[in-house]
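The structure appears below as structure tokens.
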Number of protein chains: 2
Amino acid sequence: MEAYDLIVVGAGPAGLAAGLYAGRSRLNTLVMESMMPGGQAAVTDALENYPGVGLISGPELTQRMLEQMNEFGAELATGEVTGIDARDGEFFVVAGGEERRSRALIAAMGTRYRRLGVPGENEFAGRGVSYCATCDGPFYKEQEVAVVGGGDSALQEALFLTRFASKVYLIHRRDEFRAVPVLGERVRAHDSIECLCSHVLKSIKGESGVDSLELLNKKTDETRELAVPGVFIFIGLEPRTDLLRGVVELDEAGFVPTDQDMKTNVRGLLAAGDCRVKALRQVSTAVGDGATAAFTAYRYVEEGEW
Amino acid sequence: MEAYDLIVVGAGPAGLAAGLYAGRSRLNTLVMESMMPGGQAAVTDALENYPGVGLISGPELTQRMLEQMNEFGAELATGEVTGIDARDGEFFVVAGGEERRSRALIAAMGTRYRRLGVPGENEFAGRGVSYCATCDGPFYKEQEVAVVGGGDSALQEALFLTRFASKVYLIHRRDEFRAVPVLGERVRAHDSIECLCSHVLKSIKGESGVDSLELLNKKTDETRELAVPGVFIFIGLEPRTDLLRGVVELDEAGFVPTDQDMKTNVRGLLAAGDCRVKALRQVSTAVGDGATAAFTAYRYVEEGEW
């Protein structure tokens, strides 16, 4: 069984920053990722608020992080992690039928988009129902689409979709957006975006793909049919921490509580980035988490400090 | 008196990131800095571990952060802050004889280099005694210099000084460096660096400038005279939090304790970056702090949440 000083599960900005710092500290480090490296950032079309970089695409920024990490000697392994266990002060990670062990582990699995849970959502996922405008936006050139949500990502993605769609309906159950004001202003000023506030998506209808959405106007209690071939759902994130259940303490929503050094309630096990309990989930906060987690892991592995 | 939603004191990476995020959130934000923006990062010759950027000079990275912050509408004011006060739920900041007030305040004053406290140190500061290799290194072309310290910054600066000096003596009171191993390896492998481990600097001697250092070998108890015209002292940092004494809780060393949302024990007062109590002081962790502090300030100013 291959043994490492440190295994990092997840190669988004937190995991990549952890790998960079751990590699630079000469810890024998493996970063594991089931999908493309970069996490949620890698499916973000445009990032403008990572300090010192300015406007950049998510894939480009995270690709740079990966190259930088490799320069410092941390290794990336691609494959779906199917098991994480803590035994006798060591960690065991299973991926592709192979088990690897490590002295310290950083959980950096990030989040996935939350589902709405309405009829038709699962049935038409990938056939008109999408959680990624970057991935699927270009399929809707000169067509009308709908976006569900009122937070930063919903508004960002609605703005992004105007590059392709002839019109974007923004369906939001409240009157006010939760998003930062600058995004609200841009959305309201945009000619191609129509805000359907106080509206709730009740069901998604279609035959081979999405044909229409059933909407409820919460103010008038009237139901309305909106004919669109695509709907993008951005109603928040949930942590990808299923494999940590029973291994480490999780909060009600499944996020990992840590202290400021990224320590969990299990010795040697740290969490970094979006999957931990924190106020603000951004690339800028993920890299800080990753660097700090790697530093704490280094002190644990080399000096036994916890 | 000019009034702001938020005043950020200090324009290093933490303050600039806070300004960027606060500006993007449409808080009326002023960032105040007594010196050149960029903080300690701006006097760092080469940064290689800020994720996603790769090798870059400190001034270039922080200049980019400043421009990005300005794009989002946060304002920079240059001038030495001489007073900070909290009264009636507001904050009052004095600079250049002018008082400004704000509803929230982010303390991001960073740190300054700690002094060794040996005879000759203050006398020859700026005349052979330096705390900044980037600033003063070029004065020692083809001369021999000494560096005091054994942490990351001491070793980084020793390596940097080899670009100018014909020889660098690295004086460290212990046998082992505290720095990350990669730096220790580079220093030990370097032809122009001679490590004087287990040596202590007792005094700095000279006439118009530094002429020699008096060193004590801790193992043999022998004293030795080292003739060099320059000595660079890198023995750690102390927080620039003098103005916060009596305003907010500080720890014994003067750092500001905060929770994970960067809240101090005073409502509306946050701290971010190197001046707060934290494990790892890096650009990567400073920007995460700054972003989080701005987010918490936004929720406090706009929604009254604390």
Three-way shape call for the stretch B:1-155 based on the alpha-carbon gyration tensor, with the a/c threshold at 1.5: oblate
If you restrict to DSSP beta bridges whose two residues both lie in the stretch B:100-252, what percentage is antiparallel, to the nearest 5? 45 percent
Could you estimate the translational diffusion coefficient of the stretch B:104-209 from the Stokes-Einstein equation, with Rh from the Kirkwood formula over C-alpha pairs, at 10 °C and 1.306 mPa s, in whole µm²/s? 108 µm²/s
Report the charge-dipole magnitude of the stretch A:182-306 in Debye, nearest 20, computed about the Cα centre from +1 at each Lys and Arg Cβ and -1 at each Asp and Glu Cβ. 120 debye
Would you please calculate the Kirkwood hydrodynamic radius of the stretch A:168-306 over all C-alpha pairs and express it in Å, rounded to one decimal? 18.6 Å
Tell me which of A:SER198, A:ILE106, A:TYR298 sits at the most positive position along the dipole axis of chain A, charges placed on C-beta atoms (Lys, Arg +1; Asp, Glu -1). A:SER198
Can you tell me which of B:GLY15, B:GLY96, B:GLY288 moves the most in a GNM of chain B? Springs connect C-alpha atoms under 10 Å apart. B:GLY96
Given the options B:ASP45, B:ASP242, B:ASP274, state which has the largest fluctuation in a GNM of chain B using a 10 Å cut-off (strictly under) for Cα springs. B:ASP242
Inter-chain shielding metric for B:274-285, i.e. average beta-carbon neighbours from other chains within 10 angstrom, reads 5
For the pair A:ARG245/A:SER208, report the inter-label distance in nm, with labels modelled 7 Å from Cα in the Cβ direction. 3.8 nm
Protection proxy (average C-beta count within 10 Å per residue), highest first, orders B:218-224, B:281-287 as B:281-287, B:218-224
Please arrange A:SER25, A:SER212 by how many other C-beta atoms lie within 10 Å of their C-beta, fewest to most. A:SER212, A:SER25
Taking B:THR82, B:THR62, A:THR162 and counting other C-beta atoms within 10 Å, the order from fewest to most: B:THR82, A:THR162, B:THR62
Cα shape, chain A, gyration tensor, a/c 1.5 rule: prolate
Note down the magnitude of the dipole of the stretch A:25-96 about its Cα centre, charges +1 on Lys and Arg C-beta and -1 on Asp and Glu C-beta and zero elsewhere, to the nearest 20 debye. 120 debye
Along Cα-to-Cβ, 7 Å out, sits the label point; list in nm, shortest first, how far the one on A:GLY96 is from those in the other copies. 6.1
tail above 47 Å in the computed P(r) of the protein assembly as shown, as % of all Cα-Cα pairs, reads 20 percent
So for chain B, averaging the separation of alpha carbon pairs under 8 Å that are six or more residues apart and normalising by length, what relative contact order in percent results? 21 percent
Quick one: Cα centre-to-centre distance for the stretch B:170-216 and the stretch B:243-306, in angstrom? 35 Å
Chain B, rotation onto A, residue closest to that axis via Cβ, with its distance in Å: B:GLY288, 1
Yeah, the stretch A:156-210 with a ≥ b ≥ c from its alpha-carbon gyration tensor (a/c under 1.5 is rounded, else prolate when a/b outruns b/c, oblate otherwise) is oblate
Against the 2.2 N^0.38 Å rule of thumb, the C-alpha Rg of the stretch B:22-87 sits at a ratio of 1.29
Strictly under 4.7 angstrom between C-beta atoms: which cysteines of chain B have no such partner? B:CYS195, B:CYS197, B:CYS275
Entries in B:LYS202/B:LYS278; A:LYS167/A:LYS205; B:LYS141/B:LYS218 that, when Cα-Cα distance is taken, lie over 23 Å: B:LYS202/B:LYS278; B:LYS141/B:LYS218
5 angstrom amide H check on A:CYS195, placed H, neighbours 5+ away: A:LEU170
Contact order relative to length of the stretch B:4-68, as percent, for alpha carbon pairs under 8 angstrom and 6 or more apart: 32 percent
With all distinct Cα pairs included, what does the Kirkwood hydrodynamic radius of the stretch B:223-280 come out to in Å, to one decimal, could you say? 13.6 Å
Per-copy distances of the B:MET35 label point, shortest first, in nm (7 angstrom along Cα→Cβ): 4.4
For chain A, calculated [θ]222 nm from helices alone, where every DSSP H run of n ≥ 4 adds -39500 (n - 2.57): -7000 deg cm²/dmol
Taking every residue in B:178-190, how many Cβ atoms of other protein chains lie within 10 Å of its Cβ, on average? 2
Express as a percent, rounded to the nearest 5, the fraction of DSSP beta bridges in the stretch A:84-171 (both residues included) that run antiparallel. 60 percent
With x for Gly and Pro, the residue-by-residue ³J(HN,Hα) of the stretch B:30-38, computed from phi through the Karplus equation 6.51 cos²θ - 1.76 cosθ + 1.60 at θ = phi - 60° and given in whole Hz, is 10, 10, 10, 9, 7, 10, 6, x, x
Using modelled amide H (1.01 Å from N, peptide plane; none on Pro or chain starts), what sits under 5 Å from the amide H of A:ALA146, excluding residues fewer than 5 places away? A:TYR169, A:GLY230, A:VAL231, A:PHE232
Treating the beta-carbon of each Lys and Arg as +1 and of each Asp and Glu as -1, no other charges, what is the dipole magnitude of the protein assembly as shown about its Cα centre, to the nearest 20 debye? 260 debye
Considering the dipole of chain A built from charges on the beta carbon (Lys and Arg +1, Asp and Glu -1) around the Cα centre, which of A:ALA42, A:LEU20, A:GLY96 is farthest to its positive end? A:ALA42
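Readers should treat all values here as calculations from the given coordinates under stated rules, not as data from a laboratory. Not measured: the values here are computed from a predicted model. Cβ: placed from backbone, ideal geometry, glycine included. Neighbour counts: every protein chain shown.
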